[in-house]
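Chemist: So that we are looking at the same thing, I have put the structure below in structure tokens.
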Amino acid sequence: MNKLHLTFAFCLLTFIGFSQNYPTLEIDQKCPSIDLSLTSVDGDLYQLKDHFSQKGLLVIFTCNTCPFVVKWEDRYKMTEKWCQENNIDMVYVNSNAKKRDKEDSFEAMQMHAKKMDYQFPYVIDKASLLANSFGAKTTPHIFLFNSSKVLVYKGSIDDNYESFKDVRNFYLKDAIVSLSRGSKIKTPTTKAVGCSIKRELN
């Protein structure tokens, strides 16, 4: 069993342990914690409520070094493009509260956002409050809302974190395009795959 498979197994066990504590939002539920103030890496305060003026908002729970994020991060740039082309706002959220003095410190987030050339805000969820209210479990974990703040898609970016060229189902892209066109999303829920969010109580 290689290192990535061991990491996946550990994350899966942690995921199961915390599923009951933080139930994940269901499709058609309203976006929670829209008034919660979050600090972005450029120092600005960010609140979700200010970002539904277009056709919707994509929230990606992520971090700096999770091996699953690293595998999927080439898709982040594509996701930014899909959102821009379809008039959907987007935010990256780091909720790894237990790693604030390590690889997910605010300074490390600033460096990572610059390195990856993020075109949308990257915000710190200091005590995992946003993650808790969403029931976000993994990095990455995807939540797509329409302009009425209603959840329309949740889960993963696509069906292959290992390789973009081997992806068969572009779940998030299809959801974004369908939302923009006012069409029904074919697959509104998929399994989030990644490392567990490192909450303060983990």
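Chemist: Sort TRP82, TRP72 so the one with the fewest other Cβ atoms within 10 Å of its own Cβ comes first.
Modeler: By the 10 Å Cβ count, ascending: TRP82, TRP72.
Chemist: Just the number, please: percent antiparallel of the DSSP beta bridges in the chain, rounded to the nearest 5.
Modeler: 65
Chemist: Here is a further query. Would you mind ranking TYR153, TYR118 so that the residue whose beta carbon has the fewest other beta carbons within 10 Å leads the list?
Modeler: TYR118, TYR153
Chemist: Give me the dipole magnitude in Debye, nearest 20, for region 3-196 about the Cα centre, with unit charges on the beta carbon: positive for Lys and Arg, negative for Asp and Glu.
Modeler: My answer is approximately 400 debye.
Chemist: Taking the DSSP beta bridges in region 88-202 as the whole, what percent of them are antiparallel, to the nearest 5?
Modeler: Rounded to the nearest five, the antiparallel share is 60 percent.
Chemist: Continuing with the same structure: Quick one, could you list the DSSP H helices from the chain stretching 18 Å or more along their long axis (Cα atoms) with average Kyte-Doolittle hydropathy of 0.5 or above?
Modeler: 3-19
Chemist: Still on this model: Would you mind getting me the FRET efficiency between LYS184 and GLU107? Use the beta-carbon distance for r and R0 = 45 Å, nearest 0.05.
Modeler: Working from the Cβ atoms, E equals 0.55.
Chemist: For the ranges 154-163, 100-109, what's the packing order if you count other beta-carbon atoms within 10 Å of each residue, average per peptide, and put the highest first?
Modeler: 154-163, 100-109
Chemist: For GLN47 and VAL177, FRET efficiency with R0 = 30 Å and r from the beta-carbon atoms, rounded to 0.05?
Modeler: Efficiency at R0 = 30 Å is approximately 0.65.
Chemist: If you don't mind, another one. Any idea what Rg and Dmax come out to for the chain if you just take the C-alpha atoms, in Å?
Modeler: So, for the chain, Rg and Dmax equal 15.5, 47 Å respectively.
Chemist: With respect to the cross-link table entries LYS102/LYS186; LYS49/LYS165; LYS55/LYS114, which display a Cα-Cα separation exceeding 32 Å?
Modeler: From the list (LYS102/LYS186; LYS49/LYS165; LYS55/LYS114), the Cα-Cα distance tops 32 Å for LYS102/LYS186; LYS49/LYS165.
Chemist: Identify all aspartates and glutamates with a Cα-Cα distance to LYS198 below 18 Å; exclude those on the same chain that are fewer than 8 residues away in sequence.
Modeler: Cross-link targets: ASP101, GLU103, ASP104, GLU107, ASP125.
Bear in mind that the values in this text are calculations on the coordinates, not laboratory data. These numbers were taken from a predicted model, which means no experiment stands behind them. With ideal geometry, Cβ positions are generated from the backbone for all residues, glycine too; neighbour counts draw on all protein chains shown.
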